[in-house]
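Taking it in order: structure first as structure tokens, then the write-up.
Please treat every number below as a calculation from the coordinates, not as lab data. Because the structure is predicted, anything quoted here is derived from the model rather than measured. Methodologically, a virtual Cβ is constructed for each residue, glycine included, from the backbone with ideal geometry; neighbour enumeration extends over all protein chains shown.
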2 protein chains.
Amino acid sequence: MSSEDRRLDVLRAIIEDYVATREPVGSRALSERHRLGVSPATIRNDMAALEEAGLIVQPHTSAGRVPTDMGYRQFVDRLAEVKPLSLPERRAISALLEQAVDLDDVIDRAVRLLAQLTQQVAVVQYPSLRRSSLRHVELVPVGARHLLVVIITTTGRVEQRTLELTEDLDEALVARLRMRLNAALSGLRLAELPTALESLVAELSPAGAALVRVIVAAVSETLAQESEERVVVAGTANLARTAGADFSRTIGPVLEALEEQVVLLRLLAEMAEDHTAVAVRIGRETQHAGLAETSFVTSGYGGEGPGVARVGAVGPLRMDYPGTMAAVRAVARYLTRILAG
Amino acid sequence: MSSEDRRLDVLRAIIEDYVATREPVGSRALSERHRLGVSPATIRNDMAALEEAGLIVQPHTSAGRVPTDMGYRQFVDRLAEVKPLSLPERRAISALLEQAVDLDDVIDRAVRLLAQLTQQVAVVQYPSLRRSSLRHVELVPVGARHLLVVIITTTGRVEQRTLELTEDLDEALVARLRMRLNAALSGLRLAELPTALESLVAELSPAGAALVRVIVAAVSETLAQESEERVVVAGTANLARTAGADFSRTIGPVLEALEEQVVLLRLLAEMAEDHTAVAVRIGRETQHAGLAETSFVTSGYGGEGPGVARVGAVGPLRMDYPGTMAAVRAVARYLTRILAG
DNA sequence: ATTGGCACTCGACTGCGTGGAGTGCTATCC
DNA sequence: GGATAGCACTCCACGCAGTCGAGTGCCAAT
């Protein structure tokens, strides 16, 4: 084993101890609790090098060492092994999620479950409208001058919008339109809808074309509305439990950030770019002041590769990364399975 | 002014000062900051009486007094005057809510607004399915053996449910059924639907009756599902701001309670029984351990009397009751107006 | 009934001394 | 040259005593 390797072992040991005890860890404790095979003095030399490299710091002169953001990053990138969940745990996840009666229920159960498993804050993004496909479009006349447009996606999501029309509806026309729309559009990704609708306009009678234009406008608007992308959060109480120890002042900024859908959605979108099974953002990597002392661990679910949406956990820098990553990955997998079925 | 009256004045002064300063208030400070017209010694006598009556306590021997739950209760029942909001504030509420594009948006804006106004946690209950009325029912065939049932309420809420059928759909039958259902059911309160549907069964052909039965079952089930009653929460970060001072240990239990829909719904339902414009629950009156150090201020909206749902604020015992009550009442009124229009 | 005076209590704050954990440096060993 | 042992040094945490001040309760006087 090269001395470089041992240094990383020391880093791993520091992180493991610090995560477990929440206290700066010194060279003596380290040599006693881990079988590193070298004396405290040697460890001190390694620590000096690690500190030089910016992976650990001392809170003050005569204290032990604490990992930095960079240290944790090194740890998750090179040192951590995702430890698989126990069989009973997997059984519990599977059983709980399978009892769900609809999409809302699945999401609700998943987010609570993940909060419980990780003992942290859990976040689950609703399956994205933009990336899922269309199963069915329904046009429902409501009174003479209102038309309800219902969009059903392959992920079981239903969006509706009521249109106010300038002239009375021709029911027969609506019925024809409904058939044409479904024939032309079923199976398309929602992002492709507006273009497809436009090309339909050409083939239709003037009255139908006018109606389709209104529908196009409504659908486009619905899709454009970022607010349709929702993230649900659970387990915020888990933040409070260790608040004083883990956050410099209060958890206020964290709670604020978690209530801002926009912040969460941006972060989740960024993490989807990683194209790894489980993505991690540590401290300032989140690019948000309120989250500078938290880490995000997320995974895509509900499709190939990055998936159509994300699920994850949020906790203090000092979190059990391997355990959290395992739990997140497991829940993402079961979610994918349930939604596909 | 009788001595009894003065005692209540002293109580009011204590609460006002304590709310403002967050520190136990003594007799000297009281006589200086309020024009009570008597000496500190007299105030001390009154304080002794108030303490005897259980309205205030001293944290320790040589400290000032702090109001008890009972003290606050006395205050809101007999002493507080709801101070109306300023015109700019009202304008802001009105403007913000009127920009909303749909029900979800209204609720979302309302809850954020109220959190901001009160600087506390805000809760808004979705208009209850049980108490609102039906505007339209739509039956949408999806493929040969699936039927989508869409329920639209007068409060703009849309619920849907997909039914799986044992035999192929007869589209003409569905169309007839759709007309019959809407003719018979429009305007009914949702709670009355199941009975009305049952009586419809008698008038229909055997095939139609079978289909109606399935629909009845689905609708009943949907209505029975308590989970359809949702409460949204915002501003939890406001709890953290004063956490150390206002809560004996952590805000954990409070956050837990706020995540439990069941807890909130029970409490809101209880408060609706008060039949007052604004209902208040102080500390242990909430009947929930996690909320023993918080107060709820809520008001009904969206209908006559208790209304179809509630909106409110949650904060520490030591809150600005008059201000909170004013804000809650105002938001409830504007919500009612918006939803009626 | 109200007030002024007074003794008393108790927490908050301050300063001081001690113990201990942990480090960095240097000389030494293999 | 890397690993180790020894040692002096630093600095925080903790306990303790003393002081200060706010506030009370009670009593005698008005």
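Counting 0.36 nm for each residue step from A:Ala210 to A:Arg249 and taking away their Cα separation leaves a gain of 8.2 nm. A Gaussian network model of chain B, with springs between Cα atoms under 10 Å, assigns the largest mean-square fluctuation among B:His146, B:His60, B:His288 to B:His60. Annotation: the residues B:Val280, B:Val124, A:Val149, sorted from fewest to most other C-beta atoms within 10 Å of their own C-beta, follow the order A:Val149, B:Val280, B:Val124.
Evaluated with a Cβ-only charge set (Lys, Arg +1; Asp, Glu -1), the protein assembly as shown carries a dipole of roughly 940 debye about its Cα centre, given to the nearest 20. For the stretch A:51-121, the percent of C-alpha pairs falling in each 10 Å distance bin, counted from 0 to the bin holding the largest distance, reads 16, 28, 23, 20, 11, 2. Can you give the angle from 0 to 90° between the axis of helix A:3-21 and the longest principal axis of chain A, with both taken from C-alpha atoms, to the nearest 10? On a 0 to 90 degree scale, this one is about 70. Based on DSSP H segments of at least four residues, each scored -39500 (n - 2.57), chain B has a per-residue ellipticity at 222 nm of -15000 deg cm²/dmol. On C-alpha positions alone, give me the angle between the axis of helix B:193-203 and the longest principal axis of chain B, in degrees, nearest 10. Tilt of helix B:193-203: around 20 degrees. Values of log10 I(q)/I(0) for the stretch A:277-341 across q = 0.17, 0.19, 0.22 Å⁻¹ run -0.57, -0.68, -0.83, by the Debye formula with one identical scatterer at each alpha carbon and no solvent. Label-point spacing at B:Glu23 relative to the other copies reads 3.5 nm, in ascending order, each point sitting 7 Å out from Cα along Cα→Cβ. Sorted ascending by nearby beta carbons within 10 Å, beginning with the fewest, A:Val123, B:Val137, B:Val311 become B:Val137, A:Val123, B:Val311. Each copy carries a label point for B:Asp168 at 7 Å from Cα along the beta-carbon vector; from one copy to the others these points are 3.6 nm apart, nearest first. Annotation: peptides B:27-37, B:312-322, ranked by per-residue average of other Cβ atoms within 10 Å with the highest first, follow the order B:312-322, B:27-37. Between this copy and the others, label points of A:Arg90 are 6.4 nm apart in ascending order, each placed 7 angstrom from Cα in the Cβ direction. Globularity index of chain A is 1.28 (Cα radius of gyration / 2.2 N^0.38 Å, N = number of residues).
In the elastic network of chain B, a GNM with C-alpha springs shorter than 10 Å, the most mobile of B:Leu258, B:Leu239, B:Leu139 is B:Leu139.
Over all pairs of different C-alpha atoms in the stretch A:1-143, the reciprocal of the mean inverse distance, the Kirkwood hydrodynamic radius, equals 19.1 Å. Hull volume per residue, based on the alpha-carbon atoms of the protein assembly as shown and their convex hull, is 204 Å³.
Close amide H pairs (under 5 Å, H built 1.01 Å from N) link A:Gly303 with A:Val308, residues at least 5 positions away or on another chain.
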